[in-house]
Amino acid sequence: MRIDRRTALLAGLALPLAARAQTPAPATREPHRLVTPDPTETIDLWPNGAPGAPARLPVEAVKERSTDPAYNDRFVAGIVRPRMAVFRPARPNGAAMLIAPGGGYSWVVVDKEGYEMARWLATRGLTAFVLFYRLPGEGWAAGADTPLQDSQRAMRLIRHHAGRFRIDPKRVGAMGFSAGGHVCADLVARFAAPVYTPVDAADRLSARPGLAAPIYPVVSMTAPTAHAGSRKNLVGEHATPALERAHSPHLHIGADVPPTFLLHAEDDGSVPVENSLLLRAALLAAKVPVETHLFPDGGHGFGLRLSRGKSVEGWQDIFWAWGVKRRLFA
């Protein structure tokens, strides 16, 4: 039977997500430098393009920072098609984790706080989704709410496709690092905030994580506690007190916030440990279960690989034990 072009296009519209072309994961033009193969499965967040696009779209660019052949350390900026890179476990245990890497809202880290954590979780049975969210300073109409649009949408899509990934919709958590910790904390605090117009059936689902783990997170937008770079990129150097308050998650914690795991090194020279302490105090005041771990050394941005040889080494095992105790991981 002969199939004309029009028939083929119409058939394509009916294909499930798994069969449609999705935007590939961010990649450099140097595949020979990859220590571990990049994920091949991705999910675009917005079927008709991200909302509030600027007249002049940014251009996505990926840069490699590592000069060590033993590992990659890339970052991406100019994200126009926000998406999730999917890491499927060999034996899914029904749980999933949304991961928001850091980057000070100047870029989004790819490997250190994204793929490395995702692989670690996948080896333990969790399906991991690394979120490449849009950056608030790149002209999007939602401004400081742009990353929250993407994180809410990501959580809803994970639940919407739970059957495809053999996930229990009630066992979907969120974690983030540094500015990605702010993405996570903001999602925790404002998971139900109406920051975008619903686009499909997925948006009828809850964006509330089953549990959350902001790791060395940016939380406050008020100096001197705020991380200066993240504050500048999210709300601007001359933000009003009202704008600072609107985007400081610890000021928006309610009783419906999920159980939260906090971890920070006290010698963090980039994001003061007071950020985690402010969030902890707010969670305790709202009677939300919270477990907090502070370590004397570790600095900032240690992820998994750079924690070795420091007091913070092995933090992921503590995190895993907490997730098991909360009955989400296993």
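The values are calculated or read from the model by the stated rules, or taken from the named source; none is laboratory data. Since this is a predicted model, take the numbers as computed values, not measurements. With ideal geometry, Cβ positions are generated from the backbone for all residues, glycine too; neighbour counts draw on all protein chains shown.
Would you be able to say whether some residue in region 50-65 is buried (at least 21 other Cβ atoms within 10 Å of the Cβ), under 30 Å from ALA162 (Cβ atoms) and modelled with pLDDT of 95 or more? The answer is yes, given that some residue of region 50-65 is buried (at least 21 other Cβ atoms within 10 Å of the Cβ), under 30 Å from ALA162 (Cβ atoms) and modelled with pLDDT of 95 or more.
For region 122-145, filtered to residues that are closer than 26 Å to SER307 by Cβ and touching a residue at least 60 places away in the same chain (Cβ under 8 Å), the residue that is surrounded by the fewest Cβ atoms within 10 Å (Cβ to Cβ) is GLY125.
Exactly one residue out of ALA85, ALA95, ALA55 is hydrophobic (A, V, I, L, M, F, W, C), out of contact with any strand residue (DSSP E or B) (no Cβ under 6 Å at 6 or more places or on another chain) and closer than 19 Å to PRO169 by Cα: that is ALA95. Looking at region 254-299, which of its residues are closer than 19 Å to SER230 by Cβ, buried (at least 17 other Cβ atoms within 10 Å of the Cβ), out of contact with any strand residue (DSSP E or B) (no Cβ under 7 Å at 6 or more places or on another chain) and touching a residue at least 24 places away in the same chain (Cβ under 8 Å)? The answer is ASP268, VAL271, PRO272, ASN275, LEU278, ALA282. Pairs linking a residue in region 97-112 that is more than 11 Å from TYR133 (Cβ to Cβ) to a residue that is of a type in the set (Asp, Glu) and surrounded by fewer than 24 Cβ atoms within 10 Å (Cβ to Cβ), with Cβ atoms under 7 Å and 6 or more positions apart or on different chains, are ASP111/ASP73; LYS112/ASP73. For ALA19, the stated conditions hold: it is over 22 Å from GLY176 (Cβ atoms), modelled with pLDDT under 95 and surrounded by fewer than 16 Cβ atoms within 10 Å (Cβ to Cβ).
Okay, residues lined up against (1) assigned to a strand (DSSP E or B); (2) crowded, with 24+ Cβ neighbours inside 10 Å; (3) modelled with pLDDT under 95:
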site: TRP120; (1), (2), (3): no, no, no
site: PRO147; (1), (2), (3): no, yes, no
site: MET175; (1), (2), (3): yes, yes, no
site: CYS184; (1), (2), (3): no, yes, no
site: PRO194; (1), (2), (3): no, no, no
site: THR197; (1), (2), (3): no, no, no
site: GLY210; (1), (2), (3): no, no, no
site: VAL218; (1), (2), (3): no, yes, no
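Number of residues in region 149-169 that are part of a helix (DSSP H, G or I) and either among the β-branched types (Val, Ile, Thr) or in contact with a Leu (Cβ under 9 Å, 6 or more places away or on another chain) (or both): the value is 13.
Selection of region 247-275 for residues being within 20 Å of the chain's Cα centre (by Cα) and part of a helix (DSSP H, G or I) yields PRO249, HIS250, HIS252, ASN275. Tallying residues that are assigned to a helix (DSSP H, G or I) and either in contact with a Lys or Arg (Cβ under 8 Å, 6 or more places away or on another chain) or under 13 Å from HIS182 (Cβ atoms) (or both) within region 128-145 yields 2.
Within region 306-317, being outside any loop (DSSP other than H, G, I, E, B) and surrounded by fewer than 14 Cβ atoms within 10 Å (Cβ to Cβ) holds for one residue alone: ASP317. Among the residues of region 50-76, the one identified as assigned to a loop (DSSP other than H, G, I, E, B), of a type in the set (Lys, Arg) and within 20 Å of PRO26 (Cβ to Cβ) is ARG65. The selection criterion, being without any contact (Cβ under 8 Å) to a residue 40 or more places away in the chain, farther than 26 Å from ASP267 by Cβ and part of a loop (DSSP other than H, G, I, E, B), holds for ALA239. Scanning region 220-231 for residues that are without any contact (Cβ under 8 Å) to a residue 40 or more places away in the chain and not in a loop (DSSP other than H, G, I, E, B) yields ALA228, ARG231.
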